[in-house]
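The next block holds one structure in the form of structure tokens; read it before the comments.
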Ligand SMILES: CC(C)(COP(=O)(O)OP(=O)(O)OC[C@H]1O[C@@H](n2cnc3c(N)ncnc32)[C@H](O)[C@@H]1OP(=O)(O)O)[C@@H](O)C(=O)NCCC(=O)NCCS
């Protein structure tokens, strides 16, 4: 039987475990490093997936930029829980949050573009993301050799890929996001 996961907004007490969850992917160059302090300061961006035994199985953030643009950041699922649809459910929850906040363009810079393509994202170019370029990329030491692929979704047009899954997670039942899905 597939384990059931609870998706919920992150709380401050999740910061240390989120940090530990992200570290192996940071070491592999898949995620940017986020300090525990950064995670606390930005904890409202994060949604977490909690495994039946209470440990964090995954998490991800939706970070708002200017205008109607938001970025999915730090999406991670613990290796032992991969392939069970958890990453897709986390993205669905983040997209529901984007809708709630009327962020209609959601993008990600990722080493896993195929994962996002399956969810309705398309490839874009950095020139289409001036908010990201000027806020973050220009100061990044990896800029000249960035291997991340920019992907984007028009949230208004997107058929939420796993809205059902997000609702099943229990997250939407306790959030005003339900109304937006
Ligand atoms: C990307 C990630 C979050 C996906 O989590 P997950 O829970 O395994 O995702 P799902 O189970 O919802 O996968 C849905 C589909 O995408 C595919 N997929 C998952 N990860 C993938 C990846 N890295 N590259 C390409 N396809 C991937 C799966 O094979 C699955 O396809 P299937 O249904 O045909 O088997 C997870 O692999 C991860 O934590 N990767 C390391 C960190 C990372 O690269 N994050 C993205 C940065 S934005």
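Residues that are under 18 Å from residue 106 (Cα atoms) and more than 17 Å from the chain's Cα centre (by Cα) within region 54-67 comprise 66, 67, listed in sequence order. The condition (being buried (at least 20 other Cβ atoms within 10 Å of the Cβ) and touching a residue at least 40 places away in the same chain (Cβ under 8 Å)) is satisfied by just one residue among 70, 51, 10, 61: 10.
Checked across region 99-106, the condition of being within 15 Å of the ligand (Cβ to nearest atom), at negative phi and not in a strand (DSSP E or B) holds for no residue.
Which residue, of 153, 165, 112, is at pLDDT below 85, within 15 Å of the ligand (Cβ to nearest atom) and either surrounded by 14 or more Cβ atoms within 10 Å (Cβ to Cβ) or closer than 25 Å to residue 32 by Cβ (or both)? Break it down into steps so the answer makes sense when it comes.
Numbers: 153 fails: at pLDDT below 85; 112 fails: at pLDDT below 85.
Result: 165 is the single residue among 153, 165, 112 that is at pLDDT below 85, within 15 Å of the ligand (Cβ to nearest atom) and either surrounded by 14 or more Cβ atoms within 10 Å (Cβ to Cβ) or closer than 25 Å to residue 32 by Cβ (or both).
Annotation: of all residues in region 115-150 being in a helix (DSSP H, G or I) and either within 16 Å of the chain's Cα centre (by Cα) or in contact (Cβ under 8 Å) with a residue 60 or more places away in the chain (or both), the one that is nearest to the ligand (Cβ to nearest atom) is 115.
With 99, 118, 82 as the choices, which residue is out of contact with any strand residue (DSSP E or B) (no Cβ under 6 Å at 6 or more places or on another chain) and buried (at least 17 other Cβ atoms within 10 Å of the Cβ)? Walk me through how you get there before you give the answer.
Values: 118 fails: buried (at least 17 other Cβ atoms within 10 Å of the Cβ); 82 fails: buried (at least 17 other Cβ atoms within 10 Å of the Cβ).
So the residue among 99, 118, 82 that is out of contact with any strand residue (DSSP E or B) (no Cβ under 6 Å at 6 or more places or on another chain) and buried (at least 17 other Cβ atoms within 10 Å of the Cβ) is 99.
Tell me, please, whether a residue that is more than 15 Å from the chain's Cα centre (by Cα) and at pLDDT 95 or above can be found in region 69-76. No - not one qualifying residue is present in region 69-76.
Taking residue 20 as the residue in question, decide whether it is outside any loop (DSSP other than H, G, I, E, B), surrounded by fewer than 17 Cβ atoms within 10 Å (Cβ to Cβ), more than 9 Å from the ligand (Cβ to nearest atom) and without any contact (Cβ under 8 Å) to a residue 12 or more places away in the chain. Judged against the criteria, residue 20 is a match.
Which members of region 23-53 meet the condition of being modelled with pLDDT of 95 or more, more than 15 Å from the ligand (Cβ to nearest atom) and either over 23 Å from residue 105 (Cβ atoms) or part of a strand (DSSP E or B) (or both)? Result: 35, 36, 37, 38, 39, 40, 41, 43. Could you list, in sequence order, the residues of region 55-96 that are in a loop (DSSP other than H, G, I, E, B) and more than 9 Å from the ligand (Cβ to nearest atom)? Matches in region 55-96: 55, 65, 66, 67, 68.
The values are calculated or read from the model by the stated rules, or taken from the named source; none is laboratory data. All values derive from a computational prediction rather than experimental measurement. Note that each Cβ is placed from the backbone with ideal geometry, even for glycine, and that neighbours are counted across all protein chains shown.
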